[in-house]
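*Asks:* Quick one: the structure is below, and I'll ask about it shortly.
The values are calculated or read from the model by the stated rules, or taken from the named source; none is laboratory data. Note that the structure is a prediction, hence the values are computed from the model and not measured. Here Cβ is always computed from backbone atoms with ideal geometry, including for glycine, and neighbour counts include all displayed protein chains.
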C-alpha cells in the first residue's frame, strides 16, 4: 500500500480559524484579487492587440500550444502512473486480513441515504455480510423520506443488532448536502482509539472481507485514514465506458501518486477514518465535494493516509444511466457538482496552506484539473484551425499540432485500461467499447467542457445547492454490486 506520511498534529480548526472584527475576510481579499488580476489580463491583451494584432495572434497560438501540450502530458502521466512506476500496483496492494479471532477494532459503516427505497434493503443485506466480528451499519436518513425510512426499518427489524437508523431534518440545513447527513450519523458513534468510521454509498457493493483487510492496514501502518478502491462496472452506454475508465485510472494510479506527494483527494466511498482524526478536522467538510475537501483538511492536519487497491476488494458501483435526465440520473449534472466542488475548494485556497511545495502543487493541480482540461479542450481545436487558416511561421503551425501526441497517448491508455478492466473484473469488453474510446473521445470532452462551464457559472453566481445523482434500480445493479468477494 502507499502511505502518506504523518506531519504536524495541530488542530486544523484551531490553526486556520478566521479573524475578523471589521477587517476584510480572506474570501473578500481573494475576490478582490481575482477581479484585479482579471482586469489586468484584459488590459494587457487589449493593449497587445491594439499594438500589433498579428504578433498577438502568434503569441496567443504559442501559449495555447504550450498549455495544451503540458496539460496533456501531465494527464497522460497520471493516468498511466501505475505503468510508469513498475512497483506501483504492488505498493498499493492490500495486506493479508487480520484473523477474525484477533480483530479488535469496532466499525461503524455510515451510509447516507436519500430516495433510496428501491435498493437500500439490498445494500444493507450486503453490508451485514461483513466477516468482521465487530461492526454496525448506521444509515443516515432524512425525515421527509418516508419510503426509505420504512425500508430501513424493515432491515433493522431483520438485523436488530447490526442496523441502526439515524433520522434528521437534513433538508432544512445547508440545502441538504451529503456532509450534514454524514456528520449527523458520525455524531452518534462512540469515540475512542479503537473505533473506525467507514463511509459507504447506498448504491455500492462493499466486499465482505473489506473490514478485516482495512484493520490490517490501520494496525500495520498506524494511520489515520484508509482509502480503498471503487470501480464503475457498467459499459452499456457509450459515455459509461469513459466514466468507468476514469475511475480505473483514478483509483489505480492517481491516488497512489497523490499519496506519494503528500495529499490525497479522497473518493466519497470506501474511505475509513479514525474517530479521533474526524474530531481533529471537525468532521466531514460541508462542501459539494466533501471527499476532496476532507482530503485537503486531512493533509493540513498532518494525517497519515494509506491508499490500497485490488480488483477483488473494490467497491462496485454503477455510473449514471443518462447524460442529462436528472430524475433517472445524469452524468452531466453529476460532473457539474464535482467540478463546482473542486473549483470552490480551489478558490477558497485552503490547499495553499499545505506545508510543502510538492503538496501544494499536487493539490492545486488536482482541484484545478477539471477546469484546465476543459479550457484545453477548447483551445486545442482553436489553435489547430488558426494554424491552418492564418499565415504563421511553419514551426509554429507544427507546434499547434504537438498537443495531439499526449492526447493520442491518453486515448491509447484508456483503451489499455479497458482491456485490463475486462480481464481483472471478468467483464465482457467488446469491439464497440474500443471504438467508443477511439472515436468518441472528442464528444465526451465536449460534454465535460460544458459541465465545467456550467459549474464555473454556478460558482460565480453563488449557486451552491446540492444535486443528488439518480440511479437505475434494477436486477442488473443487484448482480453487479453483489459481485464475488475477496477471499479471506
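*Asks:* Looking only at region 61-80, which residues are more than 27 Å from the chain's Cα centre (by Cα) and surrounded by fewer than 22 Cβ atoms within 10 Å (Cβ to Cβ)?
*Replies:* Selection gives 62, 63, 66.
*Asks:* Is it the case that region 151-168 has a residue that's in a loop (DSSP other than H, G, I, E, B), under 30 Å from residue 465 (Cα atoms) and modelled with pLDDT under 90?
*Replies:* So far as region 151-168 goes, no, none of its residues is in a loop (DSSP other than H, G, I, E, B), under 30 Å from residue 465 (Cα atoms) and modelled with pLDDT under 90.
*Asks:* So, in region 391-402, of the ones that are surrounded by 15 or more Cβ atoms within 10 Å (Cβ to Cβ) and outside any helix (DSSP H, G or I), which residue ends up modelled with the lowest pLDDT?
*Replies:* My answer is 392.
*Asks:* Quick one: how many residues across region 391-426 are closer than 19 Å to residue 441 by Cα and touching a helix residue (DSSP H, G or I) at 6+ places or on another chain (Cβ under 7 Å)?
*Replies:* Residues meeting the conditions: 14.
*Asks:* In contact with a helix residue (DSSP H, G or I) (Cβ under 9 Å, 6 or more places away or on another chain), assigned to a helix (DSSP H, G or I) and more than 20 Å from residue 306 (Cβ to Cβ): which single residue out of 148, 191 fits that description?
*Replies:* The conditions single out 148.
*Asks:* Quick one: which helices (runs of 4 or more DSSP H) sit completely within region 223-311 and have at least 3 residues that are touching a residue at least 40 places away in the same chain (Cβ under 8 Å) and within 15 Å of the chain's Cα centre (by Cα)?
*Replies:* Here the list reads 238-249, 255-261, 290-300.
*Asks:* Criterion first (assigned to a loop (DSSP other than H, G, I, E, B), out of contact with any helix residue (DSSP H, G or I) (no Cβ under 7 Å at 6 or more places or on another chain) and either surrounded by fewer than 20 Cβ atoms within 10 Å (Cβ to Cβ) or free of Cβ contacts under 8 Å to residues at least 60 places away in the same chain (or both)) does residue 388 satisfy it?
*Replies:* Details: assigned to a loop (DSSP other than H, G, I, E, B): no; out of contact with any helix residue (DSSP H, G or I) (no Cβ under 7 Å at 6 or more places or on another chain): yes; either surrounded by fewer than 20 Cβ atoms within 10 Å (Cβ to Cβ) or free of Cβ contacts under 8 Å to residues at least 60 places away in the same chain (or both): yes.
No, not satisfied.
*Asks:* So residue 122 ticks every box in (1) more than 21 Å from residue 289 (Cα to Cα); (2) in a loop (DSSP other than H, G, I, E, B) but one. Which box is left unticked?
*Replies:* Going through (1) more than 21 Å from residue 289 (Cα to Cα); (2) in a loop (DSSP other than H, G, I, E, B) one by one, residue 122 breaks only (2).
*Asks:* Also, I was wondering about something else. How do the pairs read when you match residues in region 115-132 that are in contact (Cβ under 8 Å) with a residue 12 or more places away in the chain and at negative phi with residues anywhere that are assigned to a helix (DSSP H, G or I) and surrounded by fewer than 20 Cβ atoms within 10 Å (Cβ to Cβ), using Cβ under 8 Å and keeping only pairs 6 or more apart or on different chains?
*Replies:* Taking only residues 6 or more apart or on different chains, the pairs are 117/147; 117/150; 119/478; 121/154; 122/478; 131/100; 132/100.
Quick grid of which residues meet (1) under 28 Å from residue 326 (Cβ atoms); (2) out of contact with any helix residue (DSSP H, G or I) (no Cβ under 6 Å at 6 or more places or on another chain); (3) buried (at least 22 other Cβ atoms within 10 Å of the Cβ):
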{"residue": "97", "(1), (2), (3)": "no, no, yes"}
{"residue": "101", "(1), (2), (3)": "no, yes, no"}
{"residue": "118", "(1), (2), (3)": "yes, yes, no"}
{"residue": "122", "(1), (2), (3)": "yes, no, no"}
{"residue": "136", "(1), (2), (3)": "no, yes, no"}
{"residue": "156", "(1), (2), (3)": "no, yes, no"}
{"residue": "165", "(1), (2), (3)": "yes, no, no"}
{"residue": "195", "(1), (2), (3)": "no, no, no"}
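*Asks:* Suppose we filter region 403-426 for residues that are touching a residue at least 40 places away in the same chain (Cβ under 8 Å) and not in a helix (DSSP H, G or I); how many remain?
*Replies:* 2
*Asks:* Something else now. The conditions are (1) exposed (fewer than 15 other Cβ atoms within 10 Å of the Cβ); (2) in contact with a strand residue (DSSP E or B) (Cβ under 9 Å, 6 or more places away or on another chain), and residue 425 fails exactly one of them. Which is it?
*Replies:* That leaves (1) as the condition not met.
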